[in-house]
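Novice: Structure below; questions to follow.
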Amino acid sequence: MSVDEPQLKRRPGKDTVGALSPDKQLHQDSSNSVGAGSRAGVSELVRNSSSYAFMAVVVLSFITRYYRIWDPAQVVFDEVHFGKFASYYLRREYYFDVHPPLAKMLIALGGWLIGYDGHFLFEKIGMDYMSNGVPYMMLRGWVALFGLALPPLVYMVMAESGYSVIASLLAALLVTFDNALVAQGRLILLDNIMIFFMLASVYSYVKFFKQRYHPFGVQWWTWLLSTGVMLGCVVSCKLVGLFTIALVGVAVIFDLRRILDIRRGNTMLEFWQHFVSRAFALIAVPVVLYLSFFAIHLAILTRTGPGDAYHTSQFQMQLIDSPLAKSSFDVHYGDQIAIRHRETGVFVDSNPGRYPLRYEDQRVSSQGQQVTGAKDKTDNSFWIIKPMVDQEAFAQFVARRQAGEEISKDELNKWVVHHTDLVQLQHAATGSNMRTHDVASPMTSTNMEFTTLALNDTAHAADTVWKLEIDGAKSNSTLLKTSSSFIRLVNNKHGVAMWTHPKKLPEWGHGHQEINGKKDPTAKSTLWAITEIRGRQITAEEVEEMAKKQSGMSFLEKFVELQGLMIKHNNALTTVHPFQSTPLSWPFLTRGISFWTDAAQRKQIYLLGNPIGWWVSNLALLAFFAGLVMLEAYGMRDIDLVGSIVRRHILRSGGFIAFAWFIHYFPFFMMGRSLFLHHYLPASIFAYMMVAACFQFIFVHPYQLFTLRSWSSRARALLPSYSTGLVFAVLVAIQVATFVFFAPISYGTSTLTAEQVNSRRWLPGYDLHFQK
Amino acid sequence: MTTEMADTTAEGKAQQQQKQKQLPSKDISSKAIVPTSFFHAKWTCTSTDAVLLAGVLLVAVIVRCWRLSVPNQVVFDEVHFGKFAGKYINGTYFYDLHPPLAKMMFAAAGRLAGYDGVFDFKSIGLDYAAAGVPYVGMRVLPAVLGALTVPATFAAARACGYGIDTALLASLLVCFENGLVTQSRLILLDSPLVFFTVLTLTAWSMFWTKQGRPFTGEWWLWLLATGVMMGCAASSKWVGLFLFPAIGLSTVGDLWDKIADRSISPTRWLAHFMARAVGLLAVPFAVYVFWFQVHFMLLHTTGEATSMMTPEFQTTLRGGLNVSTDRDVFYGSEIRIRSSNANSGYLHSHTHNWQHDKGSGQQQITIYGHADENNLWIVEPAFNTTVDSSQGPVKVPTGTKLRLRHKTTGKFLHSHDKRPALTSDDQKFELSGYGFPGFAGDTNDDFKLEILSGDKNQVGSSDHVQAIYSRFRLFHPNLQCSVYNSRKKLPKWAFGQIEANCMRNCLPRMSTWHVEYAHYPNATTEEVAKAQYRPLSMWAKIWEYNLLMAESNESLTGDHPFAARPQHWAWLRRGTAYWGGRGHFVYQLGNPLIWWTSLAAVVLFGLVRVVLFLLDKRQIAASMGGQRRVYLSSAGFFVLAWACHYVPFFLMGRELFIHHYFPALWMAILVLAFTLDMLTARLPHVVRLSVYVVVAAAVLHVFHTFSYIT
């Protein structure tokens, strides 16, 4: 098939048809000029080539993803987490994770469908599945369905975007034979599912955009809503989905700008209709979906589990069998309580030791009795809580209690502790009251020293009065409870709050933490909890009572709390992992991630992209950006290098793919958390699409003859020239060859000798195992 | 066909009727009305301008120098920068996380005022008068620099095309900004930084007034002045680097527009491009390097911070490290092993045992900074192997298993499946000293020495271990881990030394070691090859110093009581307490009226931009009192500069203070003045002037109210 020259120089839109859409042009021009004659000359094979190509992609994708999916029969890498979470869903036990729930619930759904009961907890990489009776093969097969769908979806997106059969096929084959996507694609991991929804969103949006000359029609609404639903799903898999939302958001802004332009003849009313319908479908729908998935998540996980500890006590009380609920009692005046710091977990401790007169930096102390934070609970950790009112009645009450007298429930209830009560804390072991005063604390000169004051020293008694504030309490009648209330102790006179930090005192402080008065009493780090009342045990009737009156928390409250924790813990994921990497290194593929090893058989799974494929994609991206700048710069001087149809396609579709790559990649540079190579996988798909796009921009001419109307429609022609076919064949052949070469470390199915391992060590950073 | 990026069909329609050769992606309407880059004003300094410049300078000098001697004690960070000035005068090496220019200026001022570098500025509140420090002389420098920013503001506003009234208002706003005043009365780096930042942008505005006559003398003058000032700003504090995106973006936009200008030939365009590349990239870079070179020339003698640098760096300092050792390492040699990439010291052991719960209780292995007997190790062949040294000493090749015997205690360096002291990470293992008389050892004593890189000028240094030249790792084959410097301090029972452990899959950065001292006891010949550190070149020194600066900036995460996050700066939630004493105190707080209104002006600009965009799309004309072009281009540039100096701080994890906002504040003040001009453009002259007077009076009043703590 040869290039039809006359096509090339045709100016667009010379036809009488005014507002002709570019894609319409693509097709109409060709059907007009190439006409029936050429159509008749095209064989059936060529006309159905798109369908054949699509089916080929499906088959190849199936083979690459499902090849020996039962190998290895052990826990691999993050299956540790996601397998475990699936088990928790099936056991309905509460867990906490930084990712939104959809993908994990889908994995669990697969498990549920195949009848897996969640008995296995995937504790360590390398644990055996067979001996533990886990239907892992079915689980993997289920997740791999999403992996299987990626190459066909890429084909569909490309074809819908106006690329030729051959360019679309190129993109799909590159993705099919990428080692990282394959390695990731056949394990119980989230990324497949996330990328699936990401591509589905893009596909829907492209379909929607093509309906722009039939606004508010059935098709238009279908694809708009479908975009919104898919966006809701992608962001419910991983928060990285926000990048996909940003991609569609920016595209929509450009689209709205087009509609707003008065020369298009739209009225403002029409503009607002467009605006509101998009806002509804692309903002409201995803938000509702996101919330719904959380609602399902919380509805499934009703039992207490490993995630309890992350949450507030109120949240924990909602879970069935929560150990917290079983240890939550009302605190009464006169009780001996142990107070524990929320963040660092130390108990407020006091001992007869005194602060040294002079510290190393020459500052002077009060030489008062030490009040410190101790890791262990001892006799020194108990404080008697005393009221500031009704002192006489209180003294009687205490005396009667000590005498062992039976005290009625009603009377006991008079002595409960409320939010904002003024209290004193008397150290049980040494009998003095906790005090703070205007002396600089030992290690933090801006904060006030904590010490104790003898009971008979009335001159400074005002220093010993504390206002007890319960975190989150709305009225003064809120009761202080052990375990479930978090409190602040704010000194009534000085306004400072009891605070501690992980700094250890020197030898004289027994290595305890420093406790002092912080001038900003609202800080999170000033929260404490009462963990225990000395001698208090739960009674059987209390257990029953508790089960009845678990105070309700609305879904929205739970959601807000959970979401806040997710963001907080996501940002706090900064512990150094040996295989973490920096975003800059990703496109160059300088290092992979060791997923799994089997020393006995010298097998391993090492996550590594297809090096050649990734480097070629980088070149394509570079070529695209350079070409774009050149094209535009010439355009500034009204020189058209490629003809307006190609030019518009480069700008619009090429620009969209390039921006999609950019937005799925660059935000990572601003993240402080530990990052991994697999965070680049979504971007890598767009990079592969860029290769195919450049291939089309450079080699496929005239455009009109080759572009597809839809992925399932009939093609008019297949190959512009044999040299183009050669380029295609070479690119695919190299990709496949590299894929096969690295396949042993992607599948982990074959034993490698040291020599074989070393031959795959293309870059010094590929720290494969068994090099010797 | 995919999406957006350009609107097409409508243009298609419009263009087909209007222009034959118009390209489809061009948005003509917005192009014509909204200039993408700076406004081309033409301003030459008249005599009126000159008089006013002198006038505002005088006012500013009075405001900034008023009772400069109070307080006569060390205030806030004068602790650091006063001390550093002393170090420059004495020539002793020090390290600081800021570039050197501003500190050197203080040193020069101190030198001129007669400071001898003896007083050490040890803590806030120390008395200057008693110590006889010429602190007033040193404070004159920031005060004068601060005062000069005021006439510079006037010039910048004039160069942007504004009238005398607006320029005067802008300079008065800068003059009576309490925060800027406080900052420029003390020995702090921000006054030079703000000064250079302001001068950069003033020169840049002046450069734009010469746009009509490119490549003339004045054009070059202002271009190069911009570059030099930008280099100086970056050499004062890295915050100055934010000027580069601000100026860079406006340059790129301008160059892009110039492509469309058919009166400029491609060669001429290239000349424009090259001139800017030289003036705005090469020149600042040269300035930055130059000041560092001066810095290293002044600090020629070793000082307390020397040990933070690499050994190669230390050898360049007078009285610094001077190592000369036997080059070759043999079986039986005594060696001292240094961690190559962190300057924490030598692999060390001593007769004390591990005391952590999960450990083995065997002898400690640590990293210790000073060379002593306990750092000496003897190279021995691997367990159950021998090396025949009868034919003369045998060199140690790369990739061989060997054992390291600790010289003073006789134990072998050993690792096993126990957790190290400071982490329970299952990738890390404890290192210990193990063995006792009569025990042959075991295979856990074996380490494989793998040379990672040799010195290319030293033949054989990548095949056989050579002191200093060979960089290697010590790999434990049984556990598949490498000896690793965790850079964390051990508790008191290990004397606060640095932890060493054995880590799996670790990167070379903290697991690279080299031999710094080697000696073969039974040497038969006198003549042995020696090895020395190669002193670093100037470039390498600057590079190393800058890397260290970057690292310390990142790790600056203290809990200073007055640290403030950027979201609180722009609306001045709180200030910083600088100094307090006997009923007087210095509290660094801006003029709230200026902070709030300038922020409002920036926000207003954003709104105006959006509204104009929408109106243009609907082809509704808005001329904004004829000020549209001037306002959009000049305020647009300064809003861009403001964003460049503000937004990046949100991404920084390090400890931040409100004084980091000052450069951005100056830009916001200019936007405020421009906004007032735009808002009053349609009013009668008298009304407009009275609005200005009221604003100035209000600012002055607030300034006066807060001046007691300023």
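Novice: Any residue at all in the range B:346-356 that's under 35 Å from the mean Cα position of the chain (by Cα), at negative phi and in a helix (DSSP H, G or I)? Steps first, please.
Specialist: Pass one, the range B:346-356, residues under 35 Å from the mean Cα position of the chain (by Cα): B:346-348.
Now restrict to residues that are at negative phi: B:346-348.
Right, trim to in a helix (DSSP H, G or I) and you get none.
Within the range B:346-356, not a single residue is under 35 Å from the mean Cα position of the chain (by Cα), at negative phi and in a helix (DSSP H, G or I).
Novice: Follow-up. A:S366 - would you say it is touching a residue at least 24 places away in the same chain (Cβ under 8 Å), open to solvent by less than 10 Å² (accessible area, probe 1.4 Å) and assigned to a loop (DSSP other than H, G, I, E, B)? If you could, list the steps in order and put the result at the bottom.
Specialist: Values: touching a residue at least 24 places away in the same chain (Cβ under 8 Å): yes; open to solvent by less than 10 Å² (accessible area, probe 1.4 Å): no; assigned to a loop (DSSP other than H, G, I, E, B): yes.
The answer is no for A:S366.
Novice: Please tell me if A:G241 is more than 13 Å from chain B (Cβ to nearest Cβ) and of a type in the set (G, A, S).
Specialist: Values: more than 13 Å from chain B (Cβ to nearest Cβ): yes; of a type in the set (G, A, S): yes.
Judged against the criteria, A:G241 is a match.
Novice: Can you name the condition, by its number, that B:F562 falls short on among (1) more than 14 Å from every other protein chain (Cβ to nearest Cβ); (2) open to solvent by 40 Å² or more (accessible area, probe 1.4 Å)?
Specialist: Tallying (1) more than 14 Å from every other protein chain (Cβ to nearest Cβ); (2) open to solvent by 40 Å² or more (accessible area, probe 1.4 Å), B:F562 fails exactly one: (1).
Novice: Can you name every residue in the range B:529-559 that is outside any helix (DSSP H, G or I) and within 14 Å of chain A (Cβ to nearest Cβ)?
Specialist: Of the residues in the range B:529-559, the ones outside any helix (DSSP H, G or I) are B:529-537, B:555-559.
Once the filter is applied, which keeps residues that are outside any helix (DSSP H, G or I) and within 14 Å of chain A (Cβ to nearest Cβ), the range B:529-559 yields B:S555, B:T557, B:G558, B:D559.
Novice: A follow-up question, please. Under 6 Å between Cβ atoms, at least 6 apart or on separate chains: pull out the pairs that start in the range A:753-771 with a residue that is under 16 Å from A:I593 (Cβ atoms) and end on any residue that is polar (S, T, N, Q) and open to solvent by less than 30 Å² (accessible area, probe 1.4 Å).
Specialist: If the second residue must be polar (S, T, N, Q) and open to solvent by less than 30 Å² (accessible area, probe 1.4 Å), the pairs left are A:H769/A:Q604.
Novice: Of A:A374, A:A399, which residue is among the aliphatic types (A, V, I, L, M) and open to solvent by 10 Å² or more (accessible area, probe 1.4 Å)?
Specialist: Working: A:A374 fails: open to solvent by 10 Å² or more (accessible area, probe 1.4 Å).
Only one candidate passes the filter, namely A:A399.
Novice: Provide a single number: the residues in the range B:674-691 that are under 42 Å from the mean Cα position of the chain (by Cα) and either open to solvent by less than 10 Å² (accessible area, probe 1.4 Å) or touching a residue at least 12 places away in the same chain (Cβ under 8 Å) (or both).
Specialist: Qualifying residue count, the range B:674-691: 8.
Novice: Let me ask another. Of all residues in the range B:388-410, which are in contact (Cβ under 8 Å) with a residue 12 or more places away in the chain, farther than 18 Å from B:G460 by Cβ and part of a loop (DSSP other than H, G, I, E, B)?
Specialist: Answer for the range B:388-410, where residues must be in contact (Cβ under 8 Å) with a residue 12 or more places away in the chain, farther than 18 Å from B:G460 by Cβ and part of a loop (DSSP other than H, G, I, E, B): B:S389, B:K407, B:T408, B:T409, B:G410.
Novice: Is it the case that the range B:567-585 has a residue that's assigned to a helix (DSSP H, G or I), modelled with pLDDT of 85 or more and loosely packed, with under 14 Cβ neighbours inside 10 Å? Before you say what the answer is, go through the steps one by one.
Specialist: The first filter runs over the range B:567-585 and keeps only residues assigned to a helix (DSSP H, G or I), leaving B:567-568.
Remaining after also requiring modelled with pLDDT of 85 or more: none.
So far as the range B:567-585 goes, no, none of its residues is assigned to a helix (DSSP H, G or I), modelled with pLDDT of 85 or more and loosely packed, with under 14 Cβ neighbours inside 10 Å.
Novice: Among (1) among the aliphatic types (A, V, I, L, M); (2) more than 9 Å from chain B (Cβ to nearest Cβ); (3) within 23 Å of the chain's Cα centre (by Cα), there is one condition A:V250 misses while meeting the rest; what is its number?
Specialist: Checking A:V250 against (1) among the aliphatic types (A, V, I, L, M); (2) more than 9 Å from chain B (Cβ to nearest Cβ); (3) within 23 Å of the chain's Cα centre (by Cα), the one that fails is (2).
Novice: Return the residues of the range B:500-526 that are away from every other protein chain (no Cβ under 14 Å) and open to solvent by less than 40 Å² (accessible area, probe 1.4 Å); say none if nothing qualifies.
Specialist: The initial filter retains those residues of the range B:500-526 that are away from every other protein chain (no Cβ under 14 Å), namely B:500, B:513-526.
Once the filter is applied, which keeps residues that are away from every other protein chain (no Cβ under 14 Å) and open to solvent by less than 40 Å² (accessible area, probe 1.4 Å), the range B:500-526 yields B:A500, B:W513, B:H514, B:V515, B:E516, B:A518, B:Y520.
Novice: Here is a further query. Tell me, yes or no, whether the range A:635-653 has at least one residue that is touching a strand residue (DSSP E or B) at 6+ places or on another chain (Cβ under 6 Å) and either farther than 30 Å from A:Q756 by Cα or not polar (S, T, N, Q) (or both). Steps first, answer last, please.
Specialist: So the first thing to find is which residues in the range A:635-653 are touching a strand residue (DSSP E or B) at 6+ places or on another chain (Cβ under 6 Å), and the list is none.
No, because not a single residue in the range A:635-653 is touching a strand residue (DSSP E or B) at 6+ places or on another chain (Cβ under 6 Å) and either farther than 30 Å from A:Q756 by Cα or not polar (S, T, N, Q) (or both).
Novice: Something else: Of the residues B:V671, B:V639, B:V647, B:V699, only one is open to solvent by 20 Å² or more (accessible area, probe 1.4 Å) and more than 14 Å from chain A (Cβ to nearest Cβ); which? Full working, then the answer.
Specialist: Details: B:V671 fails: open to solvent by 20 Å² or more (accessible area, probe 1.4 Å); B:V647 fails: more than 14 Å from chain A (Cβ to nearest Cβ); B:V699 fails: open to solvent by 20 Å² or more (accessible area, probe 1.4 Å).
After ruling out the rest, the residue left standing is B:V639.
Novice: Of the conditions (1) within 13 Å of chain B (Cβ to nearest Cβ); (2) loosely packed, with under 15 Cβ neighbours inside 10 Å; (3) free of Cβ contacts under 8 Å to residues at least 24 places away in the same chain, A:V576 satisfies every one except a single condition; which number is it?
Specialist: (3)
Novice: Checking B:T315 against (1) over 30 Å from B:H370 (Cα atoms); (2) touching a residue at least 12 places away in the same chain (Cβ under 8 Å); (3) among the polar types (S, T, N, Q), which test does it fail?
Specialist: The one condition B:T315 does not meet is (1).
Novice: Continuing with this model, one more query. Return the only residue of A:R358, A:R435, A:R400 being among the basic types (K, R), closer than 25 Å to A:P506 by Cβ and free of Cβ contacts under 8 Å to residues at least 12 places away in the same chain. Reasoning before the result, please.
Specialist: Values: A:R435 fails: free of Cβ contacts under 8 Å to residues at least 12 places away in the same chain; A:R400 fails: closer than 25 Å to A:P506 by Cβ.
Matching residue, one of A:R358, A:R435, A:R400: A:R358.
Novice: Report, by residue number, each residue of the range A:592-644 that is open to solvent by 60 Å² or more (accessible area, probe 1.4 Å), under 25 Å from A:I125 (Cβ atoms) and more than 12 Å from chain B (Cβ to nearest Cβ).
Specialist: A:A600, A:Q601, A:R602
Novice: Among the residues of the range A:646-675 satisfying the criterion of being in a loop (DSSP other than H, G, I, E, B) and surrounded by fewer than 18 Cβ atoms within 10 Å (Cβ to Cβ), which is farthest from the other protein chains (Cβ to nearest Cβ)?
Specialist: A:S674
Novice: Exactly one of (1) more than 30 Å from A:Q604 (Cα to Cα); (2) open to solvent by 20 Å² or more (accessible area, probe 1.4 Å); (3) under 34 Å from the mean Cα position of the chain (by Cα) is unmet by A:A693. Its number?
Specialist: For A:A693, the exception is condition (2).
Novice: Which one of the conditions (1) farther than 16 Å from A:P286 by Cβ; (2) at the interface with chain B (Cβ under 9 Å from one of its Cβ atoms) does A:T267 fail to meet, given that it meets all the rest?
Specialist: All conditions pass for A:T267, except number (2).
Novice: Could you identify the single residue in B:F429, B:F439, B:F447 that is at pLDDT below 85 and at negative phi?
Specialist: Details: B:F429 fails: at pLDDT below 85; B:F447 fails: at pLDDT below 85.
The match here is B:F439.
Novice: Here's a check for you: in the range A:742-772, which residue that is exposed (fewer than 15 other Cβ atoms within 10 Å of the Cβ) and of a type in the set (D, E, K, R) is farthest from A:P578 (Cα to Cα)?
Specialist: The selected residue is A:E755.
Novice: List the helices (runs of 4 or more DSSP H) that sit entirely inside the range A:233-308 and contain at least 2 residues that are modelled with pLDDT of 95 or more and within 30 Å of A:M553 (Cβ to Cβ). Walk me through how you get there before you give the answer.
Specialist: Working: elements: A:241-260, A:268-279, A:285-300.
So the answer is A:285-300.
The values are calculated or read from the model by the stated rules, or taken from the named source; none is laboratory data. Computed from a prediction, not measured in an experiment: that's the story for all the values here. Glycine also receives a Cβ, built like all others from the backbone with ideal geometry; neighbour counts cover every protein chain displayed. Calculation scope for accessible area: heavy atoms of the full protein, side chains included, ligands and nucleic acids excluded. Shrake-Rupley method; radii C 1.70, N 1.55, O 1.52, S 1.80 Å.
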